[in-house]
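Trainee: First the structure, then my questions, so here it is.
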Amino acid sequence: MKKLLSIVLAAAIVAAAGITMSACGSGSGAGGNTNSSASTDATKTIKSKDDLAGARIGVQLGTTGDIAYASDYEKEGSVIERYNKGADAVIALTQGKVDCVIIDSEPAKAFVEQNKGLKILDDTFDTEEYAIALPKDKENLVKDFNNALDELTKDGTLKSIVDNYIGDDTKGKSPYKSPENVDTSKGELHMATNAAFEPYEYKENNQIVGIDPMIAQAICDKLGYKLVIDDMDFDAIITAVQSGKADFGMAGMTIKDERKEAVSFTTPYTKTTQVIIVKE
């Protein structure tokens, strides 16, 4: 009798485990979506944008690649796997969990350089502009930021900062350094960012570095503030600025109409495009 009960109990445990495993296998990304019409394995060959319909696409949650592009393909049978970090989407690609990754061009270059066996397709999406997000009720601060950006553009500082991270000839040769005895009498400005987006913002020796932190430092130096950087999920940045938890958001952020409903944007400080990373 005891032996019979043991067999029945074991069968019940196996059945329950099977149900649990099926439920957990619905998606690998943060907030990952699934579509029953697409295969659970990433096996589709992507050679251009025309091949994205029906594919399993990896994106960073809340980015332009997610909102403006990948989401459109859900209507065409694609499965969008959303990750909190672009690096996680790329890892999923190397592991065969997604067919491709849609992401900004400069981080894409860094990811491909760091991960053998990946490449960027020549096919790209539309050009977009990055800007700094500020609260809608801080019009004077928006004006101050725009004036600082204008000065940094005219004196060549902005280009020098970008060149410090992008470009074979100038990369690493022109880091921005704050002037001696810089004025920070106006207090602190908290910058909300997502430090997983090289070369715009990433961690190096436990410090958040990159194009955006360096530009932000130059702006704060001009305006008389001490810069404090708060790292968070990309999808939380707009809310942090809107709620006052952060003074501004800067994270390779594209100007979008839906974002403009929640925050104000400065004039653009750089241009980029979305690209597609695939396995070679």
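Trainee: Being open to solvent by 10 Å² or more (accessible area, probe 1.4 Å) and among the β-branched types (Val, Ile, Thr) narrows it down to one of ILE211, ILE237, ILE166, ILE277, so name that one.
Mentor: On the way: ILE211 fails: open to solvent by 10 Å² or more (accessible area, probe 1.4 Å); ILE237 fails: open to solvent by 10 Å² or more (accessible area, probe 1.4 Å); ILE277 fails: open to solvent by 10 Å² or more (accessible area, probe 1.4 Å).
Answer to the check: ILE166.
Trainee: To continue, here is another question. Could you pull out the residue among THR157, THR193, THR127 that is open to solvent by 20 Å² or more (accessible area, probe 1.4 Å), in contact with a strand residue (DSSP E or B) (Cβ under 7 Å, 6 or more places away or on another chain) and hydroxyl-bearing (Ser, Thr, Tyr)?
Mentor: Step by step, each of THR157, THR193, THR127 is checked, and only THR127 is open to solvent by 20 Å² or more (accessible area, probe 1.4 Å), in contact with a strand residue (DSSP E or B) (Cβ under 7 Å, 6 or more places away or on another chain) and hydroxyl-bearing (Ser, Thr, Tyr).
Trainee: Please work out which residue is surrounded by the fewest Cβ atoms within 10 Å (Cβ to Cβ), limiting yourself to the stretch 131-154 and to residues that are part of a loop (DSSP other than H, G, I, E, B) and in contact (Cβ under 8 Å) with a residue 40 or more places away in the chain.
Mentor: Checked the stretch 131-154; the qualifying residue surrounded by the fewest Cβ atoms within 10 Å (Cβ to Cβ) is LYS136.
Trainee: Which of the residues that make up the stretch 47-79 are surrounded by 24 or more Cβ atoms within 10 Å (Cβ to Cβ), among the aliphatic types (A, V, I, L, M) and within 18 Å of the chain's Cα centre (by Cα)?
Mentor: ILE57, VAL59, LEU61, ALA70
Trainee: To continue, here is another question. Tell me whether the stretch 72-84 contains one or more residues that are touching a residue at least 60 places away in the same chain (Cβ under 8 Å), among the acidic types (Asp, Glu) and closer than 19 Å to SER48 by Cα.
Mentor: no
Trainee: Looking at (1) within 21 Å of THR43 (Cβ to Cβ); (2) assigned to a helix (DSSP H, G or I), can you tell me which one LYS109 breaks?
Mentor: Here LYS109 clears every test but (1).
Trainee: Could you say which residue among VAL228, VAL275 is modelled with pLDDT of 95 or more, assigned to a strand (DSSP E or B) and closer than 30 Å to LYS47 by Cα?
Mentor: Testing whether each residue is modelled with pLDDT of 95 or more, assigned to a strand (DSSP E or B) and closer than 30 Å to LYS47 by Cα leaves just VAL275.
The values are calculated or read from the model by the stated rules, or taken from the named source; none is laboratory data. Treat the numbers as computed from the prediction; the structure is a model and nothing was measured. Glycine gets a Cβ as well: all are built from the backbone with ideal geometry, and neighbour counts include every protein chain shown. Ligands, DNA and RNA are stripped out before the accessible areas are found, and what is left, the full protein with its side chains, is counted by its heavy atoms. Shrake-Rupley method; radii C 1.70, N 1.55, O 1.52, S 1.80 Å.
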